[in-house]
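Peer 1: What follows is a structure written as structure tokens; I'll ask about it next.
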Amino acid sequence: KGVRLDPFTRILPKPLIPIGDKPIIETILERFLKYGFNKFIISLNYKADMIKSYFAENSNNFKIEYVKEEKELGTGGSLSLIRGRIVDSLIISNCDVMTDIDFEELLDYHKKNAFHATVVGTAKNVKIPYGVLKIENGMFLDIIEKPEYDFIVNSGIYIVEPDVINLTSENSHLNMPDLLIMAKNKGLRIGVYPFNGEWIDIGQWEEYRRAIEHIKVWGGLT
């Protein structure tokens, strides 16, 4: 529902929020087209008809199928709607992440390592704008002034095999991290693809503004 982009998302569904002269989702699909991917399945819920109407008029070279969540299922749960239809590797992307990742290279990495699922991990530097207290048993030990930390974060981009999709349950809410943990506990191979390129999470205003600045440099990510 894009609550972090309120009030825009009271009117438009998050995938149709514009970056430059195109909605986020079209920019994402064009990035896939660059690497030869042209078949897409879009899982719909909030303001679904607006998204279908947009692509009815702006289909370009996309071959799009839609599945409809009657209730919010989460990214993992929505995969249950295509269970039994996928026979090969499936690349999954959230509708609010822009990246210059090479999808062909990502798919090769996934297949060469024989992973059942691959998570794209991207480096993120987090700056704490405060002095962080170190304490023990209520006693002051030290102050670390405005520390910085480096993390590998979940980019919202994944590859999964049918074995992972088959773990989902019909009409049950399931977040993607929970599905990955479930798959790992079943003994499936879950890998991480380290990505150091450009990655923007447009689900928050600061990153949305950064995306607008970058769109000219990226040339629409195509």
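Peer 1: Please work out the average accessible area per residue across the chain, using the 1.4 Å probe convention, and give it in Å².
Peer 2: Value returned for the chain: 57 Å² of accessible area per residue.
Peer 1: I would also like to ask the following. Please report the carbon-and-sulfur percent of the accessible area for the chain; probe 1.4 Å, protein heavy atoms only, DNA, RNA and ligands left out.
Peer 2: 50 percent
Peer 1: Specify the longest stretch of the chain that does not include any exposed loop site, a site being one of the trypsin sites (Lys or Arg not before Pro) with a non-H, G, I, E, B DSSP assignment and at most 15 other Cβ atoms within 10 Å.
Peer 2: 86-185
Peer 1: So if we plug the beta-carbon distance of A123 and A56 into 1/(1 + (r/R0)^6) with R0 = 35 Å, what FRET efficiency do we get, rounded to 0.05?
Peer 2: Rounded to the nearest 0.05, the efficiency is 0.35.
Peer 1: Something else: Considering the Cα trace of the stretch 131-208, what is its radius of gyration and what is Dmax, both in angstroms?
Peer 2: For the stretch 131-208, the Cα-based Rg and Dmax read 19.1, 53 Å.
Peer 1: Add -39500 (n - 2.57) for each DSSP H run of 4 or more in the chain, then divide by its residues: what number comes out at 222 nm, to the nearest 500 deg cm²/dmol?
Peer 2: Helix-only estimate at 222 nm: -8500 deg cm²/dmol.
Peer 1: Then there is this: Once the Cβ-Cβ distance between Y149 and D100 is put in as r, and R0 is 35 Å, what FRET efficiency do you end up with, to the nearest 0.05?
Peer 2: 0.90
Peer 1: Quick one: ranking Y193, Y35 by accessible area, 1.4 Å probe, largest first, what do you get?
Peer 2: Result, largest first: Y35, Y193.
Peer 1: For the chain, take the longest principal axis of its alpha carbons; what is the angle in degrees between that and the long axis of helix 48-57, to the nearest 10 within 0 to 90?
Peer 2: Long axis of 48-57 versus the principal axis of the chain: about 60 degrees.
Peer 1: Give the residue list of GluC sites (Glu not before Pro) in the stretch 60-137 that are DSSP loop and have at most 15 other beta-carbon atoms within 10 angstrom.
Peer 2: E70, E72
Peer 1: Between [x] 19.2, 64; [y] 19.9, 77; [z] 19.0, 59, which matches Rg and Dmax of the Cα atoms in Å calculated for the structure shown?
Peer 2: Computed from the coordinates, Rg and Dmax of the Cα atoms in Å corresponds to [x].
Peer 1: A further question follows. Not counting ligands, DNA or RNA, and with a 1.4 Å probe, what is S53's accessible surface area in Å² rounded to the nearest 10?
Peer 2: 70 Å²
The values are calculated or read from the model by the stated rules, or taken from the named source; none is laboratory data. Note that this is a predicted model, so its numbers are computed, not measured. Because the Cβ atoms are built from the backbone with ideal geometry, glycine has one as well, and the counts that use them run over all protein chains shown. Heavy atoms of the whole protein, side chains included, go into the accessibility calculation; ligands, DNA and RNA do not. Shrake-Rupley method; radii C 1.70, N 1.55, O 1.52, S 1.80 Å.
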